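Student: Quick one: the structure is below, questions incoming.
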Amino acid sequence: MKPDIHKTYLFLALVLLASLPFYALNLAAISLPFGLPPSVAMIVVPFLVAAVFIWRSGGSRAIKAWSISILDVKRVTDKRWLLFAVAIVPVMSLVSYSVGLLTGQSVSGAVPGVGEMLLIASVFWVGAIFEELGWTAFATKPLQKRHGIFIAGLLLGIVWAAWHVVPFIQMGRAADWIVFHGLTIVGNRIIMGYVFARTDQTTSPALFYHAALNFMPEFLPGKYVSYNPMIFAILVWLVVGLLYIKNNKIKLRH
């Protein structure tokens, strides 16, 4: 199934609209692991909206092909870009944490053991599936075909960031935290767009990248207390700039 650009625009609008009822879940006194808000259930929305479009266009066969794209890692011909997708978030996280320490940020806490790390990573990888089957497997290719890699990532990133604003406010995040983290979200989607183009338009590298964004703070002392969105945003946009300079003339497959 090859979604046209108009369906992709409609997909983005419907994801935002269909997510509105989930924000109300944050008004309930529900405690979830990892400090996640109840509205985290909205991760199913990109998956469900994309599934409707795909079913209407191609039926069960298209749904099957789309679903198994989460296992398409073997299609990646340039393994260097697969390694980049897996490693860049942990590297940026450790650099950000180190810069925070050097600039006076004091954070302490226990680091989870290897078994717990694997469990946490698995949970967040499964969670990322629902989003990336929508953002990457459905929406990224037609947007890149129409707008190119950078602008497509910028558009997806703005929608992705806007999608998170209400939950962040409901969680009590400060305005500057939301702004810098929003910039990080947009930059990450641009990076994921370059990864998508360089890994033969596969979905699995985006899953690894997205999961790492969510689980890396859980691996650091103090967890999210050690996360500095301003430092991380600077690192992300430095990577965006380097990718733009080196890869902006990529010829996309249609």
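Student: Just need log10 I(q)/I(0) for segment 5-247 at q = 0.09, 0.15 Å⁻¹, Debye formula, equal scatterers on the alpha-carbon atoms, no solvent, rounded to two decimals.
Tutor: After summing over all Cα pairs, the log10 values are -0.38, -1.11.
Student: How long are the three semi-axes of the equivalent ellipsoid of segment 1-123, in whole Å, if each is the root of 5 times an eigenvalue of the C-alpha gyration tensor, listed from largest down? Present the calculation step by step, with values, prior to reporting the outcome.
Tutor: Values: eigenvalues 226, 115, 46 Å².
Gyration-tensor ellipsoid for segment 1-123: 34, 24, 15 Å.
Student: Above 19 Å lies some portion of the pair distances; for segment 9-76, what is it as a whole percent of all C-alpha pairs?
Tutor: Details: 1148 of 2278 pairs.
Summing the P(r) tail past 19 Å for segment 9-76 gives 50 percent.
Student: Cross-link candidates for Lys64: which aspartates and glutamates have Cα within less than 14 Å, leaving aside residues fewer than 8 places away along the same chain?
Tutor: Excluding near neighbours in sequence, the set is Asp72.
Student: Out of Ala174, Ser108, Phe53, whose Cα points farthest toward the positive end of the dipole of the chain (charges: +1 Lys, Arg; -1 Asp, Glu; placed on Cβ)?
Tutor: So the residue we want is Phe53.
Student: A further question follows. Neighbouring Cβ atoms within 10 Å as the yardstick, rank Val114, Val186, Val165 fewest first. Let's see the in-between values first.
Tutor: On the way: Val114 7, Val186 23, Val165 15.
Starting with the residue having the fewest Cβ neighbours, the order is Val114, Val165, Val186.
Student: Something else: Compute the long axis of helix 175-198 from its Cα atoms, compare it with the longest principal axis of the Cα atoms of the chain, and write down the angle in degrees, 0 to 90, nearest 10.
Tutor: 40 degrees
Student: Starting from the 7 Å offset along Cα-to-Cβ, what nm value, one decimal, do you get for the label separation of Arg75 and Tyr244?
Tutor: 2.9 nm
Student: Given all pairs of different Cα atoms, what value in angstroms does the Kirkwood hydrodynamic radius of segment 116-248 take?
Tutor: Over segment 116-248, the inverse of the mean reciprocal pair distance is 15.3 Å.
Student: Is it possible to state the helix-based mean residue ellipticity at 222 nm for the chain, with each DSSP H run of 4+ residues giving -39500 (n - 2.57), the sum divided by total residues, to the nearest 500 deg cm²/dmol? What is it?
Tutor: Computed ellipticity for the chain at 222 nm equals -24000 deg cm²/dmol.
Student: Please tell me which of these pairs span more than 27 angstrom C-alpha to C-alpha: Lys7/Lys74; Lys145/Lys246; Lys74/Lys141; Lys7/Lys79? Could you put the intermediate results ahead of the total?
Tutor: Working: Lys7/Lys74 29 Å; Lys145/Lys246 19 Å; Lys74/Lys141 19 Å; Lys7/Lys79 32 Å.
Checking Cα-Cα distances, Lys7/Lys74; Lys7/Lys79 exceed 27 Å.
Read the figures in this text as sums done on the coordinates, not as results from a lab. This is a predicted model, so every value here is computed, not measured. All Cβ positions, even for glycine, are placed from backbone atoms using ideal geometry, and neighbour counts span all protein chains on display.
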